[in-house]
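Report on one structure; see the data block that follows.
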Amino acid sequence: MTNPAAAGGYPQGIKLGVDVGTVRVGVAICDRDSVLATPYKTLDRNARKNSDIRIIANLVDELGAVQVIVGLPRTMKGEERSSAEMAREYAALLAGELAGRGLAVPVNLVDERLSSVTAHRHLHEAGMSSRNHRKVVDQVAAAGILQHAIDMQKARGADVGSRVTAPTPSVEPGGSAQDESVRATPGDTARSSDNGRQQ
């Protein structure tokens, strides 16, 4: 699959946003013109079978998505902790799943400070009870991450975040293969105090 790109060098078309948590993963989508990001669904995180990663890859294929934006949670000081490491590992697994299916769809990590905080506030302002927030807050956070990314792409005329490379198998002495994730380059270009969550 080839990704149509604008003159500015970022993919044009339907995109997915992903908010990674230890228990749930929020997914959002935007329209083909990348105008509006919309909450889509919340998946149960299955770190043993990675069934949620396969569901996202299926969605990419079915929708013909041209890019996946994964939120990278940093502290307000820009530091990365365990949740950021988890997001990086998840993005690498997703990139590997897409590559394994022959889908040349880029996965980018984008700074997401305060995204969950902002999502909870929006749900509260919409009149939803705190009890019901858990059902949708992850997908609302994913929509916030994706909206920020597509807005920044248009404003800058260039892609944002750090591109994730799929894990590549490396052969250890003795002939056993082991997956080795190639980390995204440091320094996201899309940063906002409104989109991300504090650790």
*From the backbone phi of region 64-69, what are the Karplus-calculated ³J(HN,Hα) couplings (6.51 cos²θ - 1.76 cosθ + 1.60, θ = phi - 60°) in whole Hz, Gly and Pro given as x?*
x, 5, 9, 6, 10, 9
*Can you pull the one-decimal nm distance between simple spin-label points at ASN46 and GLU85, each 7 Å off the Cα toward Cβ?*
2.6 nm
*Can you give the accessible area of LEU43, probe radius 1.4 Å, in Å² rounded to 10?*
20 Å²
*Which trypsin sites (Lys or Arg not before Pro) from region 8-66 combine a DSSP loop assignment with at most 14 other Cβ atoms within 10 Å?*
ARG32, ARG48, LYS49
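The values are calculated or read from the model by the stated rules, or taken from the named source; none is laboratory data. Since this is a predicted model, take the numbers as computed values, not measurements. Cβ: placed from backbone, ideal geometry, glycine included. Neighbour counts: every protein chain shown. Note: accessible area is taken over every heavy atom of the protein model, side chains too, but ligands, DNA and RNA are not part of it. Shrake-Rupley method; radii C 1.70, N 1.55, O 1.52, S 1.80 Å.
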